[in-house]
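Please treat every number below as a calculation from the coordinates, not as lab data. Predicted, not measured: the structure shown is a model, and the values here were computed from it. Backbone-built Cβ (ideal geometry, glycine too); neighbour counts: all protein chains shown.
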Amino acid sequence: MPELFAARCENYHDGSLKELIDNYFCSEKDRLASASKILLKPNLLSATPPERAVTTHPDFVRAVISSIREFTSAEILLGDSPGANFGKYEKVLEVTGVGRAAEENGVKIVRVEAFEPVQKDGFLYSSLADEVDLIINLPKIKTHSLTGLTLAVKNMFGLVPGNTKVGFHRSYPSDKVLGAKIFQYFTILGHKTMNIMDGILAHEGDGPSRGTPVELGIAAACSDAVGLDIAVTRMLGFRDGFCLTSLEALNQGYDPSWLDVPKANVPVLKVPMSKRLFVPDFLKKFVAEQVYVKPVILNEPCIKCMLCKKSCPVDAITIVDSYPFINKNKCIECYCCHEVCESDAVGLNRSWLHKRMVKS
Ligand code: SF4
Ligand code: SF4
């Protein structure tokens, strides 16, 4: 039976964080001691500073590195493939502070795309995952516009190389199907993971990157990523299936009855605008056509970097008068363009019915 560890931590230097990590590593000391190569897999979604809480905090990474050295002599690597920002890895490492946290502690930084992709069970992942004996998965607690929450299972999606992640949106535009596919992908690599979750400063609202930081003050760890996700989901006050990757695990028979989840007394997280809507089944089709949030390019702040165009999984963005232009008929509202734009030049236009039904 896996063991669940959870702690209240006022900040990243709180002794209870070190204690949690030490206790977790101690419970897995044989796995750590027998590994010769270990990958640290933080959430490095985009080039945003730690106070935005989009990425795993560099001091969280420092705490893990400092503790792991006491349990293993393995070579430690750190790597991720940052969402649609895959062309700007160095900038992501610099701005998030995670690059420095790794370098100053002798951890080698690797790029997911530098390793051959491997095809398995219809999915593509970086062979970096095969090169290492263990993956220490370091997710950030965030609400997510598509999957409800992004936690440990979703964080492993970063081992899908480069643009292939965007291809998931093309192939699976429904959020439930996307969550199910990410869970299925996770099952290929899940056995290799140990998971330590950063919820000290979390991200709420229109996550994974356009929400706001919130001080939650929790950290949690478990070698069962699905169990950890469900435990944290309960600590946050949501139903088990709110996180769509967990919903798929539950649908496939995952039994969470072993979980003994401590009371967290944390603030209730603001959910993404896309999840604040209930539509009865019989009205769904009709209403769905009237209720939408469409991305729109704002020419004034646009610096014409075309990252939005590159990130669009369905080629809905063309160039008109040198600016990107969104073809509304092709757009599947995945918000990848909104997520990737660093100039706040992709706005979200809400339909009249959406405005009536969903408080902003
Ligand atoms: S909308 Fe944003 S991402 Fe797209 S070209 Fe303009 S600045 Fe770049
Ligand atoms: S235009 Fe933006 S929201 Fe629409 S499909 Fe492309 S990336 Fe997604």
What residues have an amide H closer than 5 Å to that of Val346, excluding those fewer than 5 places away on the same chain, when H is modeled at 1.01 Å from N in the peptide plane? Leu298
Using θ = phi - 60° and the Karplus curve 6.51 cos²θ - 1.76 cosθ + 1.60, what whole-Hz ³J(HN,Hα) does each residue of segment 201-207 get, with Gly and Pro shown as x? 10, 10, 10, 10, x, 7, x
Most fluctuating residue of Ala225, Ala316, Ala53 in a GNM of the chain with Cα springs under 10 Å: which is it? Ala316
If you fit an axis through the alpha-carbon atoms of helix 15-27 and take the longest principal axis of the Cα set of the chain, what angle between them do you get, 0 to 90°, nearest 10? 70
Rounded to whole Hz, the Karplus (6.51, -1.76, 1.60) HN-Hα couplings of segment 107-116, x for glycine and proline: 8, 7, 8, 10, 10, 3, 6, 6, 10, 3
I'd like the orientation of helix 175-189 relative to the chain: the angle between its Cα long axis and the longest Cα principal axis, in ° from 0 to 90, rounded to 10. 30
Taking segment 77-192 and dividing mean pair separation by its residue count, relative contact order in percent (alpha carbons under 8 Å, at least six apart): 27
Nearest 10 degrees, 0 to 90: helix 281-290 Cα axis against the chain principal axis: 60
Between Val261 and residues 5 or more places away or on another chain, which pairs have amide H atoms under 5 Å apart, with H built 1.01 Å from N, and which residues are they? none
Centroid-to-centroid separation of segment 1-75 and segment 104-175 [C-alpha atoms, Å]: 18
Pulled fully out, how much extra length does the chain show between Ser66 and Thr187, if you take 0.36 nm times their separation in residues and subtract their Cα-Cα distance? 40.7 nm
Residue order, fewest to most beta carbons within 10 Å, for His191, His57: His191, His57
Put +1 on the Cβ of every Lys and Arg and -1 on every Asp and Glu Cβ in the chain; which of Val112, Cys302, Leu151 then has its Cα farthest towards the positive end of the dipole? Cys302
Please list, by residue number, every one of the chymotrypsin sites (Phe, Trp or Tyr not before Pro) in segment 39-86 that is coil in DSSP and has at most 11 other beta-carbon atoms within 10 Å. none
Quote the charge dipole size of the chain about the Cα centre in Debye, to the nearest 20; the model charges only the Cβ of Lys and Arg (+1) and of Asp and Glu (-1). 1400
A correct fewest-to-most ranking of Lys91, Lys41 by other Cβ atoms within 10 Å would be Lys91, Lys41
What does the charge add up to near Val132, with Lys and Arg as +1, Asp and Glu as -1, over the other residues with Cβ less than 11 Å from its Cβ? -1
